[in-house]
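A short reminder: the numbers here are calculations on the coordinates, not readings from a lab. Quick caveat, the model's predicted, so the values are computed rather than measured. We place every Cβ from the backbone using ideal geometry, glycine too, and count neighbours over all the protein chains shown.
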Amino acid sequence: QVQLQESGPGLVKPSETLSLTCAVSGYSISSGYYWGWIRQPPGKGLEWIGSIYHSGTTYYNPSLKSRVTISVDKSKNQFSLKLSSVTAADSAVYYCARRGGFGDYVFDYWGQGTLVTVSS
Amino acid sequence: EIVLTQSPDFQSVTPKEKVTITCRASQSIGSSLHWYQQKPDQSPKLLIKYASQSISGVPSRFSGSGSGTDFTLTINSLEAEDAATYYCHQSSSLNTFGQGTKLEIK
């Protein structure tokens, strides 16, 4: 059974960089699939942030692209998100998720989510 | 960017009722439209993929239809446990989600 677990600081100061990690168990990232980040501001809808393949190929939401970096650490079977120059608008629950294989482009496994608040 | 617009934003329904939620895409996305259910304080759960394909473990009362720009999620004989927010998601061009439809059970 594939499991994903987000971790990272729950509080980040404005203008700083938000950093989160998603640990994957039950599946080797090196075996394939895309791995992504999705966020949800309190009481609002879902927003895709970006996705990464085990090779390092990335795709980002154009509205966040200038501030986002997603990387993968195959040795630790985890992938990470960095979002720079954060503001209060970046406060949200951040989910990591697995995107299905070729031709199956759905988010089929999700982490439980981690709340990040941007505040001084 | 492909924009997905769901309707309604909110619906209050009684058990055993039939519910229809629609999702309209700003441009044609073929059948690359998926539906998720999110209950309070939980992660989204995949319900339907590629407009109408069922997902193992999801009750058969959930079904989907549509192609191009107009899609529908139908819940037949609604149960109390179906109280949740439902999101559509397109994977035709990067990824975007609809704004969500909150379903309240009377």
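The simple spin-label model puts a point 7 Å past each Cα toward its Cβ; for residue A:71 and residue B:42 those points are separated by 3.6 nm. Could you give me the percent of Cα pairs per 10 Å distance bin for the protein assembly as shown, shortest bin first, beginning at zero and ending with the bin that holds the maximum distance? Calculated P(r), rounded to whole percents: 8, 33, 35, 19, 4, 0. Think of the protein assembly as shown as a dipole: +1 on every Lys or Arg Cβ, -1 on every Asp or Glu Cβ, centred on the Cα centre; then among A:109, B:86, B:56, A:109 lies furthest on the positive end. With semi-axes defined as the square roots of five times the eigenvalues of the C-alpha gyration tensor, the equivalent ellipsoid of chain B measures 22, 14, 13 Å, largest first. Between the beta carbons of residue B:26 and residue B:55, assuming R0 = 25 Å, the FRET efficiency works out to 0.45 to the nearest 0.05.
Among beta bridges from DSSP that stay inside chain B, the antiparallel ones total about 90%. Each Lys and Arg Cβ is given +1 and each Asp and Glu Cβ -1; about its Cα centre, the protein assembly as shown then shows a dipole of about 200 debye.
Relative contact order of chain B, please, whole-number percent, based on alpha carbon pairs below 8 angstrom and at least 6 residues apart. Please report the intermediate quantities before stating the final value.
Details: 272 pairs, mean separation 41.1, N = 106.
RCO, chain B: 39 percent.
Taking 7 Å steps out from each Cα toward its Cβ at residue A:28 and residue A:16 produces label points 3.7 nm apart. For the listed peptides B:13-19, A:48-54, A:75-81, a ranking on the average number of other beta carbons within 10 Å per residue, highest first, reads A:48-54, A:75-81, B:13-19.
Each Lys and Arg Cβ is given +1 and each Asp and Glu Cβ -1; about its Cα centre, chain B then shows a dipole of about 180 debye.
Shielding value for B:79-89 is 1, the average number of Cβ atoms from other chains within 10 Å of each residue's Cβ. Our coupling estimate for the range B:7-17, obtained by passing each phi through the Karplus curve with A = 6.51, B = -1.76, C = 1.60 and θ = phi - 60°, is 8, x, 6, 8, 8, 10, 9, 9, x, 6, 6 Hz, Gly and Pro reported as x.
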